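Shown next, in C-alpha cells, is the structure this report addresses.
Values in this text are rule-based calculations from the coordinates and carry no lab data. Since the model is a prediction, treat every value here as computed from it, not as a measurement. So basically every Cβ, Gly included, is an ideal-geometry build from the backbone, and we count neighbours across all protein chains shown.
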Amino acid sequence: MNQRIFNYLPQCDYEEAMWIGQMTQSLNDEALQQFAAMYSTRRKDAQTVLLLALLGFIGVAGIHRFILNQIGMGILYFLTAGLCFIGTIVDLINYKQLALQYNQKVAREVMMLVSSFQK
C-alpha cells in the first residue's frame, strides 16, 4: 500500500486510501501533493452523506443525492419523499458505498488532470 496517501489525505478511510494508493503509485511527491490538494477539496465525506440522507425523514429528501452530483435522483427523491422513504432507508444503509463511488469518480478525474500537468 502506498503509505504516502495517509500523509497527504489523513481524512480518507482505509478502503478509499487503498484504492487511491494503487491509482497514484506512479506519481512523484510533487504530483501526489497536487493530486491530494485537488482531491481533498472535491471529495465527499461519508458522514456528511449519512447526515444529509437522515434529513429525508424530516421532509427534505434527496439532498445527499444532489451533493453526490446525482441531480435526477435528487429531484426524484425530493418529489416522492425519498421514494416513500424506502429509497432513503436504502441510502442510509449504503451511504459509505455512495460516498466511495463518488470519490472514486472524482479521483479518476483529478488523476487525469494531474497526469496532463506532468506531460
Using a Gaussian network for the chain with springs between C-alpha atoms less than 10 Å apart, which of these wobbles most: GLU16, GLU109, GLU30?
GLU30
Between the helical axis of 29-42 and the dominant principal axis of the chain, each derived from Cα atoms, what acute angle in degrees is found, rounded to the nearest 10?
10 degrees
When the label point is put 7 Å from the Cα of ASP13 along its Cα-to-beta-carbon vector, which residues of the stretch 87-104 have a backbone N closer than 18 Å?
89-104
Starting at 0 and stepping by 5 Å, how many percent of the alpha carbon pairs of the chain end up in each bin?
2, 12, 21, 19, 13, 11, 10, 7, 4, 1, 0
Could you work out how far helix 14-24 tilts from the main Cα principal axis of the chain, as a 0 to 90 degree angle to the nearest 10?
40 degrees
Using only helices, what value at 222 nm comes out for the chain when you add -39,500 (n - 2.57) per DSSP H run of length 4 or more and divide by the total residues, to the nearest 500 deg cm²/dmol?
-22000 deg cm²/dmol
